[in-house]
Amino acid sequence: MPSGEDDLIARYFRPIATDPGALGLTDDAAILKCGRDDLVITTDAIVEGVHFLSGDPPDTVARKALRVNLSDLAAKGAAPAGFVMSLALRNADEGWLSSFARGLSDDATGFGCPLLGGDTVATPGPLTISITAFGRVPPGETILRSSAEPGDRIVVSGTIGDASLGLAVLTGKMTVGDVAIREMLLGRYRIPQPRIGLAESVRNYARAAMDVSDGLAGDLAKLCAASGVSAVIDAASVPLSDATRGLIEQGQTCLESVVSGGDDYEILCTITEDRFSDFARTALSVGVAVTSIGTIVAGDTPPKWLDAEGKEIALSRLSYSHF
C-alpha cells in the first residue's frame with residue numbers, strides 16, 4: 001500500500017517528471033544522458049521568511065525556486081537539462097500543493113527543464129525548497145567567474161534594484177501608491193526572469209560571468225576577487241527601471257540600496273571591447289537589453305564606484321548576507 005509520501009509524489013510531481021531518465025519518480029535516482037556535453041550543476045534553496053514570504057502565492061514560490069537555479073545555468077552559458085527537488089513541508093495542504101505544482105510544471109515545461117527526482121519531508125520549521133539543476137554546455141565552453149581580464153567591459157542585463165524594492169513594499173518598509181508600479185516591483189521579487197535566452201550569447205561572447213543574486217555591488221566584488229582583478233564602475237550607467245529611478249528621485253530609496261539589495265537574477269559578465277556590440281545585438285534579438293557599466297582594471301582593491309562627476313562613492317553595504 002503506498003505511503004502518504006508516495007501518494008503526494010504521484011499526485012503532484014510525477015506529472016512534471018517527463019524525462020525518461022526520471023523513471024516516473026519510482027526509484028532513488030535518475031539517469032541523465034549528457035552525450036558529449038559537459039554537465040553543469042547548480043543548487044539553491046529558498047526558505048520561507050528569507051527568500052519568500054508566508055503569504056506569497058504558492059505558484060510564485062515554485063517558480064522562484066526553479067528560476068533562481070536557471071539563472072545560475074544561464075550565467076554559465078548552459079542549456080537546462082533537468083532538476084531534482086527537496087521539499088520540506090509543515091503539512092500536506094492540497095490547495096497549496098496544487099498551486100505549487102501547477103507553477104512548477106508551467107516553468108519546467110516552459111524552460112525545458114523537467115523534474116528528475118527528489119525528496120519530500122515533514123518539518124516543524126519554515127517551508128524550504130531546495131533545487132539542484134543540471135545544464136548542458138559544449139565541452140570546455142562553460143563560462144566561469146574567474147576569467148575576467150583588465151580592459152574587459154563590465155556588462156549587466158535587464159534592470160537592477162526592482163526586486164529588492166518589491167520586498168521593501170511587501171514588508172511595509174516602503175509605500176508605493178501607484179498600483180502598476182507596485183505590481184511590477186512585487187512581480188520582480190516573486191517571479192525572477194532567468195536570462196536563459198542569453199545563455200548561448202554568454203557562452204559565445206563573455207570572458208567571465210555570474211548571475212546577480214545577492215546584489216550587484218557584492219557580486220561584482222566576488223567576480224573580481226575570483227579573477228584577481230579590480231573594476232571601475234560608472235554608477236550613473238547602472239540600468240534602472242523608470243519605477244526605480246522615480247523612487248530614487250523621490251528619496252524613497254538610494255543607489256546604495258539598489259545595487260546591494262539582491263534578488264535581481266540578472267547576468268553580470270565581462271566582455272572584450274571588440275565583442276560588446278555583437279553581444280548587445282544578439283541579446284536584443286532574444287528580447288534582453290544589456291548595458292555596459294564599467295571596466296575591469298588590474299589590481300586587487302575593491303571595485304571603485306564613481307558618480308557623474310567622477311568622484312568615488314563610498315558604499316557601506318555591498319550585498320545581502322545570510323549570516
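In table form, for the structure just shown:
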{"quantity": "Search result, residues across the stretch 298-311 that are of a type in the set (A, V, I, L, M, F, W, C) and in a strand (DSSP E or B)", "calculated": "Trp305, Leu306"}
{"quantity": "Residue within the stretch 147-155 that is touching a residue at least 60 places away in the same chain (Cβ under 8 Å), within 23 Å of Gly197 (Cβ to Cβ) and among the acidic types (Asp, Glu) present", "calculated": "yes"}
{"quantity": "All positions within the stretch 258-281 that are assigned to a helix (DSSP H, G or I), of a type outside the set (A, V, I, L, M, F, W, C) and surrounded by 19 or more Cβ atoms within 10 Å (Cβ to Cβ)", "calculated": "Ser260"}
{"quantity": "Number of the condition not met by Leu165 [criteria: (1) modelled with pLDDT of 95 or more; (2) within 23 Å of Ile267 (Cβ to Cβ); (3) open to solvent by 30 Å² or more (accessible area, probe 1.4 Å); (4) among the aliphatic types (A, V, I, L, M)]", "calculated": "(3)"}
{"quantity": "Hey, Gly117 more than 15 Å from Tyr12 (Cβ to Cβ) and either among the basic types (Lys, Arg) or open to solvent by 10 Å² or more (accessible area, probe 1.4 Å) (or both) or not", "calculated": "no"}
{"quantity": "Only listed residue being open to solvent by 40 Å² or more (accessible area, probe 1.4 Å), at pLDDT 95 or above and not in a strand (DSSP E or B), chosen from Ala225, Ala236", "calculated": "Ala236"}
{"quantity": "Positions within the stretch 282-292 being polar (S, T, N, Q), crowded, with 16+ Cβ neighbours inside 10 Å and in a helix (DSSP H, G or I), in sequence order", "calculated": "Thr282"}
{"quantity": "Residue check, Ala308 closer than 18 Å to Ala217 by Cβ, open to solvent by 60 Å² or more (accessible area, probe 1.4 Å), modelled with pLDDT under 95 and over 19 Å from the mean Cα position of the chain (by Cα)", "calculated": "yes"}
{"quantity": "Counted residues, the stretch 121-163 - those being among the polar types (S, T, N, Q) and not in a strand (DSSP E or B)", "calculated": "5"}
{"quantity": "Selected residue (criterion: most open to solvent (accessible area, probe 1.4 Å)) from residues of the stretch 70-87 that are out of contact with any Leu (no Cβ under 8 Å at 6 or more places or on another chain) and closer than 21 Å to Tyr12 by Cα", "calculated": "Ser86"}
{"quantity": "Qualifying residue in the stretch 269-288 (condition: under 22 Å from the mean Cα position of the chain (by Cα) and closer than 21 Å to Glu183 by Cβ)", "calculated": "yes"}
{"quantity": "Among (1) open to solvent by less than 40 Å² (accessible area, probe 1.4 Å); (2) part of a strand (DSSP E or B) - the single one Thr295 does not satisfy", "calculated": "(1)"}
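The values are calculated or read from the model by the stated rules, or taken from the named source; none is laboratory data. From a predicted model like this one, the values you see are computed outputs, not experimental measurements. So basically every Cβ, Gly included, is an ideal-geometry build from the backbone, and we count neighbours across all protein chains shown. Side chains are part of the model used for accessible areas, which takes the heavy atoms of the whole protein and leaves out ligands, DNA and RNA. Shrake-Rupley method; radii C 1.70, N 1.55, O 1.52, S 1.80 Å.
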